[in-house]
Amino acid sequence: MSTRRTVLSLSAAAAVAATAAPGAAQASGTRPRKPDAQLRAILKEIDPKRIEATVRRLAAFGTRHTLSSQTDPARGIGAARDWIFEQLQGYAARSAGRMTVELQSFVQPVSPRIPAPTTITNVIATLRGSRTPERIYVVTGHYDSRASDVMDAVSDAPGADDDASGVAVIMELARVLATREPEATLVFAAVAGEEQGLYGSDHMAQVLKDAGADVQGMFSNDIVGTGDAHDGTRPDNRTVRLFVEGVPTSETPAQANTRRSVGGENDGPSRQLGRFVKDVEPEGADVRVVWRRDRYRRGSDHISFLLRGYPAGRFTEPRENFAHEHQDVRVEDGVQYGDLVEFCDFGYIARVARVNAATLWSLAQAPGTPRGVVIDTTRLTNETTLRWQPGTEPDLAGYEVVWRETTAPDWQHVVRAGNVSEVTIDLSKDNVFFGVRAVDTDGNRSPAAAPQPS
Ligand SMILES: [Zn+2]
């Protein structure tokens, strides 16, 4: 395929924008996208009552500690595993064969917080994409739980917020989306071994990596149970935090050299994913994007994906109450400790599920993130030439170039480049940051990709 090129001057850019349809490319600024009819129906179907039932059922297994019983039918992680598997299979039964459910088991050898070889099982539902099934988006919650002592596999550890809430999110998404036909593949996973050291997600991410899977986005939902800190501070029931790193965990020394030279610490693929989430957040929810990989001294399953070069982020509630996390259930000085169902707000969890649904659906319906985007640095000029690999989506309409001042947090300008794979624009690459995103015939836009020097 020959390279298709275009040259854009700023006056030409203005002309393009002036004739564009409402909601299409704007000459300056970008604005949030409205959900289409299908997404509105999906958001409406997300049911706080079902989420509540899931959280209550998971808490009722007593403990879901990774080292707890795998054979007791009523108590322990094995019973929880089997219940999640059955539920997901029930949803898959309504998917006309598009959704498959698997138990992904492996033996974790002796390692920190794993005193004897232990079978760890992820429960994974995969909804195959209708148009570009090789393009994958992953969403997880972890179904293991813990008490005060991370090695205590016996005491009650209801883990309602951490992380039955996240598992309830991914299960509700699987239920609602099973009957739909997203263009890309969506993977809903309840992972285990998180509290012992992210072992379940580490295995899952490695299996995907070994298979050469094209995971273009991953989200961990971990501690998404309430907007109320129960500590006297004002509830913040519309806000969910999204932690997204800037400098990639997987950055190579060569990439680090480039970054030190010309910047880009705010343009890693996960940061672009964060901008995308903010762009599609549904009404009634406020995604507070935090430019960090995670909180101080904390982590979650997104790190397993970041380590393998996959863009990823972590959703979590706006403010935590540490008396309700990683604590034995007890009353001390009149204070109730423990991760109990009574501290969860199911309307809040449903809101987080809607943020996830809007994100996943919008990602799946849009074209994939442009690949191989480079900025031509062979000659010193006051123009900018960008090149990329043409996408293969059947409904691909073309590309947009976005840019912003180097001091600005988010994209400020966008111009349509047409269905080309090279564009020259009369703006100096030294003065602004660029990104390229793909657009389909319905106006769905991919996350932006920042160019690497040629
Ligand atoms: Zn957790």
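The values are calculated or read from the model by the stated rules, or taken from the named source; none is laboratory data. Only a predicted model underlies this, so the values are computations on that prediction, with no experimental measurement involved. Every residue, glycine as well, gets a Cβ built from its backbone with ideal geometry; the counts of neighbours run over all protein chains shown. The area values use the complete protein model at the heavy-atom level, side chains included, leaving out ligands, DNA and RNA. Shrake-Rupley method; radii C 1.70, N 1.55, O 1.52, S 1.80 Å.
Having 2 or more residues that are out of contact with any Cys (no Cβ under 7 Å at 6 or more places or on another chain) and under 15 Å from A449 (Cα atoms) is the bar; report the strands (runs of 3 or more DSSP E) wholly within the range 327-397 that clear it. In the range 327-397, the matching strands (runs of 3 or more DSSP E) lie at 371-375, 384-389.
Listed here are the residues, each with its yes/no results for (1) buried (at least 20 other Cβ atoms within 10 Å of the Cβ); (2) among the aliphatic types (A, V, I, L, M); (3) within 16 Å of the ligand (Cβ to nearest atom).
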site	(1), (2), (3)
R259	no, no, no
R292	no, no, no
R297	no, no, yes
F305	yes, no, yes
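Evaluate the following for G338: is it small (G, A, S) and either surrounded by fewer than 18 Cβ atoms within 10 Å (Cβ to Cβ) or touching a Leu at 6+ places or on another chain (Cβ under 6 Å) (or both)? Here the answer is no, as G338 does not meet what is asked. Among all positions in the range 313-322, there is at least one residue which is open to solvent by less than 20 Å² (accessible area, probe 1.4 Å), closer than 25 Å to R445 by Cβ and of a type in the set (K, R). Are there any pairs with C-beta distances below 8 angstrom linking a residue in the range 47-61 that is farther than 16 Å from P158 by Cα and of a type in the set (K, R) to a residue that is modelled with pLDDT of 95 or more and open to solvent by 10 Å² or more (accessible area, probe 1.4 Å), with the two at least 6 apart or on different chains, and if so which? Hits for this filter: K49/F346; R50/R175.
Residues in the range 126-137 that are in contact with a helix residue (DSSP H, G or I) (Cβ under 7 Å, 6 or more places away or on another chain) and either of a type in the set (A, V, I, L, M) or within 16 Å of the ligand (Cβ to nearest atom) (or both): L127 alone.
For V329, indicate whether it is of a type in the set (A, V, I, L, M, F, W, C), open to solvent by 50 Å² or more (accessible area, probe 1.4 Å) and either within 21 Å of L58 (Cβ to Cβ) or more than 20 Å from the chain's Cα centre (by Cα) (or both). Let's see the steps before the verdict.
Working: of a type in the set (A, V, I, L, M, F, W, C): yes; open to solvent by 50 Å² or more (accessible area, probe 1.4 Å): yes; either within 21 Å of L58 (Cβ to Cβ) or more than 20 Å from the chain's Cα centre (by Cα) (or both): yes.
Yes: the conditions hold for V329.
Is at least one residue of the range 345-354 crowded, with 21+ Cβ neighbours inside 10 Å and hydroxyl-bearing (S, T, Y)? Yes; the residues of the range 345-354 include at least one that is crowded, with 21+ Cβ neighbours inside 10 Å and hydroxyl-bearing (S, T, Y).
Using the structure shown, decide if S250 is small (G, A, S), touching a residue at least 40 places away in the same chain (Cβ under 8 Å) and either within 16 Å of the ligand (Cβ to nearest atom) or open to solvent by less than 40 Å² (accessible area, probe 1.4 Å) (or both). No: the conditions fail for S250.
Of the residues A13, A24, the single one that is of a type in the set (A, V, I, L, M), part of a loop (DSSP other than H, G, I, E, B), at pLDDT below 80 and open to solvent by less than 50 Å² (accessible area, probe 1.4 Å) is A24.
Looking only at residues of the range 184-226 that are acidic (D, E) and open to solvent by less than 20 Å² (accessible area, probe 1.4 Å), we find that the one that is farthest from K44 (Cα to Cα) is E195.
Would you say T140 is touching a Ser or Thr at 6+ places or on another chain (Cβ under 7 Å) and open to solvent by 10 Å² or more (accessible area, probe 1.4 Å)? No.
Might you let me know whether the range 143-161 holds any residue that is within 18 Å of the chain's Cα centre (by Cα), open to solvent by less than 10 Å² (accessible area, probe 1.4 Å) and within 13 Å of the ligand (Cβ to nearest atom)?
Here is the first cut: in the range 143-161, the ones within 18 Å of the chain's Cα centre (by Cα) are 143.
Remaining after also requiring open to solvent by less than 10 Å² (accessible area, probe 1.4 Å): 143.
Add one more test, that the residue is within 13 Å of the ligand (Cβ to nearest atom), and what stays is 143.
Yes, that holds for at least one residue.
Name the residue, out of V432, V415, V439, V423, that is under 25 Å from the mean Cα position of the chain (by Cα) and of a type in the set (A, V, I, L, M).
Details: V432 fails: under 25 Å from the mean Cα position of the chain (by Cα); V415 fails: under 25 Å from the mean Cα position of the chain (by Cα); V423 fails: under 25 Å from the mean Cα position of the chain (by Cα).
Exactly one of V432, V415, V439, V423 is under 25 Å from the mean Cα position of the chain (by Cα) and of a type in the set (A, V, I, L, M), namely V439.
The condition of being among the charged types (D, E, K, R), under 14 Å from Y199 (Cα atoms) and open to solvent by 30 Å² or more (accessible area, probe 1.4 Å) holds for only one of R131, R113, R98, that being R113. Applying a threshold of 7 Å to beta carbon distances and a minimum spacing of six or more residues, or different chains, the list of pairs starting in the range 107-119 at a residue that is within 11 Å of A153 (Cβ to Cβ) and ending at one that is among the charged types (D, E, K, R) and open to solvent by 50 Å² or more (accessible area, probe 1.4 Å) is empty.
Any residue in the range 40-47 that is closer than 30 Å to T179 by Cβ, more than 24 Å from the chain's Cα centre (by Cα), exposed (fewer than 13 other Cβ atoms within 10 Å of the Cβ) and modelled with pLDDT of 95 or more?
As a first pass, look at the range 40-47 and keep what is closer than 30 Å to T179 by Cβ: 40-47.
Within this subset, residues satisfying the condition of being more than 24 Å from the chain's Cα centre (by Cα) are none.
Scanning the range 40-47, I find no residue that is closer than 30 Å to T179 by Cβ, more than 24 Å from the chain's Cα centre (by Cα), exposed (fewer than 13 other Cβ atoms within 10 Å of the Cβ) and modelled with pLDDT of 95 or more, so the answer is no.
Here are P367, P447: which of them is touching an Asp or Glu at 6+ places or on another chain (Cβ under 7 Å) and buried (at least 22 other Cβ atoms within 10 Å of the Cβ)? Let's see the steps before the verdict.
Numbers: P447 fails: touching an Asp or Glu at 6+ places or on another chain (Cβ under 7 Å).
Criteria check complete, one pass: P367.
Residues that are within 13 Å of the ligand (Cβ to nearest atom) and touching a strand residue (DSSP E or B) at 6+ places or on another chain (Cβ under 7 Å) do not occur anywhere in the range 171-185.
Does the range 187-208 include one or more residues that are within 16 Å of the ligand (Cβ to nearest atom), in contact with a helix residue (DSSP H, G or I) (Cβ under 6 Å, 6 or more places away or on another chain) and of a type in the set (S, T, Y)? Yes, the range 187-208 contains at least one residue that is within 16 Å of the ligand (Cβ to nearest atom), in contact with a helix residue (DSSP H, G or I) (Cβ under 6 Å, 6 or more places away or on another chain) and of a type in the set (S, T, Y).
Just one of (1) under 22 Å from E134 (Cβ atoms); (2) of a type outside the set (K, R); (3) open to solvent by 20 Å² or more (accessible area, probe 1.4 Å); (4) over 22 Å from the mean Cα position of the chain (by Cα) fails for S362. It is (4).
Selection of first residues in the range 396-414 that are free of Cβ contacts under 8 Å to residues at least 40 places away in the same chain and of second residues that are of a type in the set (G, A, S) and assigned to a strand (DSSP E or B), restricted to Cβ pairs under 7 Å at least 6 apart or on distinct chains, gives an empty result.
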